[in-house]
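These notes are about the structure you will find just below.
The values are calculated or read from the model by the stated rules, or taken from the named source; none is laboratory data. Computed from a prediction, not measured in an experiment: that's the story for all the values here. Note: ideal-geometry Cβ built from the backbone for every residue, glycine included; neighbour counts use all protein chains shown. Ligands, DNA and RNA are stripped out before the accessible areas are found, and what is left, the full protein with its side chains, is counted by its heavy atoms. Shrake-Rupley method; radii C 1.70, N 1.55, O 1.52, S 1.80 Å.
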Amino acid sequence: MIRSFVFSEGKLVGRDLEAEALRLVRADKGLHLWVDLDDPTDEEIKLVLESVFAFHPLAIEDCVTPSSLPKIEDYEDYLFIVTHAVDFSRAEHFSTTELDLFLGKGYLVTFHRKPLKSVLSLVDRCVKATGVVARAPDRLAYILIDQMVDLYKPVIDELRAEIDEIEDAVLKETPASLINDLVDFRSELADFRRIIRPQRDLMARIATGESKIVRALMLPYFRDLRDNLVRFDEATTSLADQLLLCFDLYLNKSASEANEGIKVLTALTALSTPTIVIGTWFGMNFENMPELSSPWGYPIALVVMVVSTGAMFVWCKRRGWL
């Protein structure tokens with residue numbers, strides 16, 4: 001699906017134009033254009049990216065081919081930016097949707113395979129606005145990325161809630177499935193950090209003003225985006241430290257439980273030692289054994305076994321084995 005919006009002095013003056021009209025608008029220096037490709041067909045990709053805007057083939061290839069890492073490329077006349085929107089839920093776990101942006105002096109082209117909240121929010125804003133929406137494409141790009149980054153916070157909150165639940169489970173009990181939860185959480189956190197850090201560096205590059213595509217007055221806004229991403233990166237680092245603590249607690253608690261089991265087995269072995277020794281000795285049936293000539297042989301042996309076992313029990317109790 002192709003959406004298009006035409007702005008003059010920051011106000012929406014047209015939308016959903018045909019290909020020829022898009023070419024005319026792009027040639028008009030007094031207008032700026034936003035074209036959004038939402039899960040486009042191959043024909044729509046070729047029409048917009050190749051025919052209307054004539055982007056570099058490598059940029060188009062990077063756009064249509066999914067990438068796991070954010071990136072930015074400067075093609076002099078435009079910037080090609082790869083970003084990632086993040087979604088996380090307990091049911092579906094971690095998932096990302098790539099959002100590609102072609103940012104030029106008079107236009108912004110966005111490309112994504114799935115509906116994105118940030119894009120839909122900006123579309124709704126453009127449709128309903130009666131005044132100025134954005135006076136230049138770099139402002140539109142900032143709004144899109146800013147809304148996308150704002151949606152990282154609920155993901156951080158979900159991850160923090162999940163690690164807190166895992167930590168509580170480690171302290172209260174040690175179920176066999178807990179190690180799987182720890183490993184899954186580590187994978188989710190690693191995926192999130194792999195998205196956050198490159199985008200932090202990406203925003204830092206834009207905020208330095210190294211590209212002529214982004215106006216100087218927009219640089220503080222992109223620095224603010226960079227600062228937000230730095231805070232999110234620090235939050236993920238804190239979660240990683242908490243995860244390591246949970247691993248240590250889990251391993252220490254497992255070792256402690258194993259030691260308790262060994263203590264119990266040791267105590268049982270110690271308690272059975274007098275009976276085994278005495279019973280084995282008096283069970284040899286030697287000729288001069290007391291049990292063969294005295295009617296008190298068995299009672300005496302039994303009393304010795306009971307007393308010895310009782311004494312061993314008291315000793316194990318004092319040692320804390322029972």
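Rounded, prolate or oblate: which fits region 134-223, taking a ≥ b ≥ c as square roots of the Cα gyration tensor eigenvalues, rounded meaning a/c under 1.5, else prolate when a/b beats b/c? Prolate, since a/c reaches 1.5 and a/b exceeds b/c. Only protein atoms count toward the accessible area here, which uses a 1.4 Å probe; on region 9-125, the carbon and sulfur part of that area reaches 51 percent.
Just in region 23-91: which GluC sites (Glu not before Pro) are loop by DSSP and have at most 10 other Cβ atoms within 10 Å? Write down the numbers at each step before the final one.
Working: sites: E43, E44, E50, E61, E73, E76; in loops: E76.
Passing both the DSSP loop test and the Cβ count: E76.
State the percentage of accessible surface on region 204-248 attributable to carbon and sulfur atoms; use a 1.4 Å probe and exclude ligands, DNA and RNA. Spell out each step's value before the answer.
Working: 1250 of 2260 Å².
The computed percentage sits at 56.
Here region 215-234 is scanned for amide nitrogen atoms under 16 Å from the site 7 Å beyond the Cα of A129 along Cα-to-Cβ, giving 218.
Partner lysines whose Cα lies under 22 Å from the Cα of K128, excluding those fewer than 8 positions away in the same chain, are identified as K11, K117.
The trypsin sites (Lys or Arg not before Pro) of region 18-110 meeting both criteria, a DSSP state outside H, G, I, E and B (loop) and at most 15 other C-beta atoms within 10 angstrom of the site's C-beta, are K29, R90, K105.
Summarising the amide proton neighbourhood of L99: residues at separation of 5 or more, or on other chains, whose placed amide H is nearer than 5 Å comprise T83, H84, A85. Other residues lying with their Cβ under 15 Å from the Cβ of V127 contribute a combined charge of +1, Lys and Arg counting +1, Asp and Glu -1.
Derived scalar couplings between HN and Hα for region 208-221 equal 6, x, 6, 9, 6, 6, 8, 5, 4, 5, 8, 4, x, 5 Hz in order, rounded to whole Hz, by the Karplus curve 6.51 cos²θ - 1.76 cosθ + 1.60 (θ = phi - 60°), x for Gly and Pro. Loop-located chymotrypsin sites (Phe, Trp or Tyr not before Pro) across region 1-75 with a Cβ neighbour count of 15 or fewer within 10 Å are Y75, with loop assigned by DSSP.
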